[in-house]
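A quick write-up on the structure given underneath.
The values are calculated or read from the model by the stated rules, or taken from the named source; none is laboratory data. Only a predicted model underlies this, so the values are computations on that prediction, with no experimental measurement involved. Because the Cβ atoms are built from the backbone with ideal geometry, glycine has one as well, and the counts that use them run over all protein chains shown. Surface areas here come from the heavy atoms of the whole protein model, side chains and all, with no ligands, DNA or RNA. Shrake-Rupley method; radii C 1.70, N 1.55, O 1.52, S 1.80 Å.
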Amino acid sequence: MPSPASVTAFTPTTSAAEPTTLPAILGTYKRQAPLFVRGEGVYMIDESGKRYLDFVAGIAVSSLGHADAGVMQAMQEAMATGLIHTSNLYRTAPGEALAAWLVANSFASSVFFSNSGAEANEGAFKFARRWAKSTGHQAKHEIIALRGSFHGRMPGTLAATDRPAYRLPFRPLMGGVTIVERNLEELRAVLDPETAAAVIVEPIQGEGGVRIVDPEFLRGLRALTRERNVLLILDEIQCGLGRTGSVFAYEQLGFEPDMLTIAKPLANGLPMGAILVNDTVARVMQPGDHGTTFGGGPLLAHVAHHVVQRLSDPALLQHVRETGAWFGEQLQGIAERTGAVRSIRGTGLMWGMDVHEPASAVIARAFDQGLLLVSAGEHTLRFLPPLVISREELAKGLAILEGAIKA
């Protein structure tokens, strides 16, 4: 052992190229420079008063827009009770009312509330493995995801996310999770009834480029999972709750999943997610199998109950279907006029446009002109406006978009 005098003190050094001070918020996002201070309808407003038309909606979160009167009133009603948090050791009326609404309006028999979409998917993986053990197959634990998927950035969901850049820095990833091509024959080879617990799939792969998974393939997958005694989890975190023109995207597919995860627009900006489960899954879950401190608290649940009733309004859903179809036609017109677009795909108010140049360049030029856009890959622009947006507001944004593509 060296003597104290022989030990060299270690002093961390800072490269000349590195900043000497770091931002107070950890730098996991490249944030735009303006400071946003207000929201009104389909606009966000920065500290200088400049208004930006919002085609992002907080990444499919603010489906009722900003400063919606009904949402604001629901928040005030909840806060007026003084009961913001109780933990899940106790019953509250808002949580029970929201769960009852979700059960009454879906395939589910029970609901678990979480704080986010990633947590909902992580919980669904646990539920699947808990159910799998009840089948008598002790090796039944594998979670299967599909090529192009994005399910979150937590240990389990990252393993089920097909984005190499997201995965590489965090290897080794959680075991027992496999990504398979969107091909029924390959799935037949991996869905062993004795080892496979669940398949998770997004009906529309949002982060994966706004790619609609073929409904015929999904129906075949549903049949295969039933045949092999494997659960089917649908991840509708981005495409659910009205985004495609129905309350849930699975309603347009002609089958029901075993579990469904939702989050983003559930409380129109307040952090909330949920796992909807059928009777088969619900019956195996026991007290202590899973938990959350904040999930389904009375403030969030009261607001979410208001939001889901609004998002299920038949008039709003018709608006999404009709306006979404019109929006897709307008995007096609831009593609034909500019010659700078490779492809367009989407449904409802969820669309993707592949451009020749990096999407970030178009996003930056549109931002300068007061339009907020988000990408879904290096060359894909993603459009997720509030569901309450009008054709006139969409047309204004489309004009800015076309100018940004041409510039």
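Overview of values
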| read-out | value |
| --- | --- |
| Selected residue [among the small types (Gly, Ala, Ser), touching a residue at least 60 places away in the same chain (Cβ under 8 Å) and part of a loop (DSSP other than H, G, I, E, B)] from Gly324, Gly291, Gly240 | Gly291 |
| Near pairs, Cβ below 9 angstrom, 6+ apart or cross-chain, from the range 39-58 (basic (Lys, Arg)) to any residue that is outside any strand (DSSP E or B) | Lys50/Pro34; Lys50/Gly370; Arg51/Gly370 |
| In the range 327-347, the residues that are open to solvent by less than 40 Å² (accessible area, probe 1.4 Å), assigned to a helix (DSSP H, G or I) and either touching a strand residue (DSSP E or B) at 6+ places or on another chain (Cβ under 7 Å) or within 18 Å of Glu393 (Cβ to Cβ) (or both) | Phe327, Gly328, Leu331, Gly333, Ile334, Ala335 |
| Flag for Ile237 being closer than 26 Å to Gly288 by Cα and open to solvent by less than 10 Å² (accessible area, probe 1.4 Å) | no |
| Among (1) open to solvent by 40 Å² or more (accessible area, probe 1.4 Å); (2) out of contact with any Phe, Trp or Tyr (no Cβ under 9 Å at 6 or more places or on another chain) - the single one Phe112 does not satisfy | (2) |
| Odd one out for Met353 among (1) in a loop (DSSP other than H, G, I, E, B); (2) open to solvent by less than 10 Å² (accessible area, probe 1.4 Å) | (1) |
| Total residues in the range 356-377, condition farther than 19 Å from Arg337 by Cβ and open to solvent by less than 30 Å² (accessible area, probe 1.4 Å) | 7 |
| Options Leu300, Leu270, Leu266; residue that is closer than 17 Å to Pro385 by Cα and within 21 Å of the chain's Cα centre (by Cα) | Leu266 |
| Pair list, Cβ under 9 Å, 6 or more apart: the range 219-230 residue open to solvent by 60 Å² or more (accessible area, probe 1.4 Å) and charged (D, E, K, R), other residue outside any helix (DSSP H, G or I) and at pLDDT 95 or above | Arg219/Leu253; Arg219/Gly254; Arg219/Phe255; Arg226/Leu232; Glu227/Leu191; Glu227/Pro193 |
| Qualifying residues in the range 61-86 (those that are of a type in the set (Val, Ile, Thr) and under 24 Å from the mean Cα position of the chain (by Cα)) - the one farthest from Cys239 (Cα to Cα) | Val71 |
| Phe150, sole failed condition from (1) open to solvent by 50 Å² or more (accessible area, probe 1.4 Å); (2) aromatic (Phe, Trp, Tyr); (3) under 16 Å from Thr261 (Cβ atoms) | (1) |
| Any pair with Cβ under 9 angstrom, 6 or more apart, that starts in the range 84-104 at a residue that is farther than 9 Å from His305 by Cβ and modelled with pLDDT under 95 and ends at one that is surrounded by fewer than 12 Cβ atoms within 10 Å (Cβ to Cβ) and among the hydrophobic types (A, V, I, L, M, F, W, C) | none |
| Residues satisfying the stated conditions in the range 158-176, i.e. of a type outside the set (S, T, N, Q), in a loop (DSSP other than H, G, I, E, B) and in contact with a strand residue (DSSP E or B) (Cβ under 8 Å, 6 or more places away or on another chain) | Ala160, Asp162, Gly176 |
